[in-house]
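K.L.:
Can you read through this structure? Questions will come right after.
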Amino acid sequence: MARVQQVQPANKKTPVKSTPTNQQPKSKQELSKTSAKHEPTKNEIMFFRIGMSIIALTLITVAIIFTIQYFMNKEEEEGLFDDYIHLTASELTQLTGYDSNSGVYGDFTYFAGQEAYEDLYALINTNTKIYIYFYSASSPNDEIVNLIKDTDWEGKALFLVNLDLQKNNLGGAALSHLNLDLNRSNLLVTFDVENQTFSTDIRVTDIVRVLGRI
């Protein structure tokens, strides 16, 4: 009987897994990116804080500048007649009120010898007529405003009263002879010092006419 030769199976090798073609090994640069995050140094923190402080100070400075400019512009708008002599209700009473001691209207001695009234005192002593224009700064009349600003008032006794500020103090008996209609926003009082008389204009056309003749 012939022997059947048994063939030993060859040693099986473990298959080697191949690397996918689309997956490349990580480079050193990429590996470094995955390392731990860099902690900021004390100097870096200090420079960061200094930078933020400078930015904050710059913003605060700009805000202050804009605020100052805003209020300066606002004051310029509200200062309608800054270059003219204004009267308070008390000063108007001294200028036009009846003086029982002298028996005439207007106590001019009240303004004598006071530096604050130096210009006013010079004008009331060199003019026979005194003009007092009452206006509302919040609702001015452009025609009258332009006329006053375009006229040379050098040496002329024109004084102003801002009704927005003085209206509540003008209704007393001491000023009743001026016949002030305080419901209006434009009034012109003419004080004839020599004849001791007063005339009050309430219409814009009349005010413009009188001011244009001064």
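The values are calculated or read from the model by the stated rules, or taken from the named source; none is laboratory data. Quick caveat, the model's predicted, so the values are computed rather than measured. All Cβ positions, even for glycine, are placed from backbone atoms using ideal geometry, and neighbour counts span all protein chains on display.
K.L.:
Can you find a residue that is surrounded by 13 or more Cβ atoms within 10 Å (Cβ to Cβ), at pLDDT 95 or above, under 22 Å from GLU143 (Cβ atoms) and of a type in the set (Phe, Trp, Tyr) anywhere in segment 176-194?
P.N.:
No: segment 176-194 contains no residue that is surrounded by 13 or more Cβ atoms within 10 Å (Cβ to Cβ), at pLDDT 95 or above, under 22 Å from GLU143 (Cβ atoms) and of a type in the set (Phe, Trp, Tyr).
K.L.:
Hey, can you tell me all the residues within segment 117-147 that are hydroxyl-bearing (Ser, Thr, Tyr) and within 37 Å of the chain's Cα centre (by Cα)?
P.N.:
Initial filter on segment 117-147 (hydroxyl-bearing (Ser, Thr, Tyr)): 117, 121, 126, 128, 131, 133, 135-136, 138-139.
Listed by number, the residues that qualify are TYR117, TYR121, TYR131, TYR133, TYR135, SER136, SER138, SER139.
K.L.:
Show the residue pairs meeting these rules: Cβ distance below 7 Å; 6+ apart or different chains; first residue within segment 123-150 and closer than 14 Å to LEU165 by Cβ; second residue surrounded by fewer than 17 Cβ atoms within 10 Å (Cβ to Cβ) and β-branched (Val, Ile, Thr).
P.N.:
Note: no pairs meet the criteria.
K.L.:
Failed condition for GLN114, given (1) under 33 Å from the mean Cα position of the chain (by Cα); (2) under 22 Å from LEU211 (Cα atoms), with all others met?
P.N.:
So GLN114 meets the others, but not (2).
K.L.:
Also, quick follow-up: Report, by residue number, each residue of segment 88-131 that is farther than 13 Å from PHE159 by Cα and of a type in the set (D, E, K, R).
P.N.:
ASP99, ASP107, GLU115, GLU118
K.L.:
Taking segment 173-202 only, how many residues are acidic (Asp, Glu) and either under 15 Å from THR93 (Cα atoms) or not in a loop (DSSP other than H, G, I, E, B) (or both)? Break it down stepwise before answering.
P.N.:
The first filter runs over segment 173-202 and keeps only residues acidic (Asp, Glu), leaving 181, 192, 194, 201.
If we keep only those that are either under 15 Å from THR93 (Cα atoms) or not in a loop (DSSP other than H, G, I, E, B) (or both) too, we end up with 192, 201.
Number of matching residues: 2.
K.L.:
Looking only at helices (runs of 4 or more DSSP H) that fall completely inside segment 51-154, which ones have 1 or more residues that are under 22 Å from ASN183 (Cα atoms) and not hydroxyl-bearing (Ser, Thr, Tyr)?
P.N.:
Fully inside segment 51-154 and qualifying: 89-96, 142-150.
K.L.:
Name every residue in segment 160-175 that is over 19 Å from ASP99 (Cβ atoms) and surrounded by 16 or more Cβ atoms within 10 Å (Cβ to Cβ), in order of residue number.
P.N.:
Across segment 160-175, the qualifying residues are LEU160, VAL161, ASN162, LEU163, GLN166, LYS167.
K.L.:
Sticking with this structure for a sec: Given (1) modelled with pLDDT under 75; (2) polar (S, T, N, Q); (3) in the same structural domain as LEU158 (by TED's automatic domain parsing), identify the lone condition not met by THR93.
P.N.:
So THR93 meets the others, but not (1).
K.L.:
If you check every pair at least six apart or on different chains, which have Cβ atoms under 6 Å apart with a residue in segment 188-210 that is in the same structural domain as PRO140 (by TED's automatic domain parsing) first and a residue that is in a loop (DSSP other than H, G, I, E, B) second?
P.N.:
Listed by first residue and then by second, the contacts come to VAL193/THR128; GLU194/THR128; THR200/ASN179; ILE202/ASP181; ILE202/ARG184; VAL204/ASN141.
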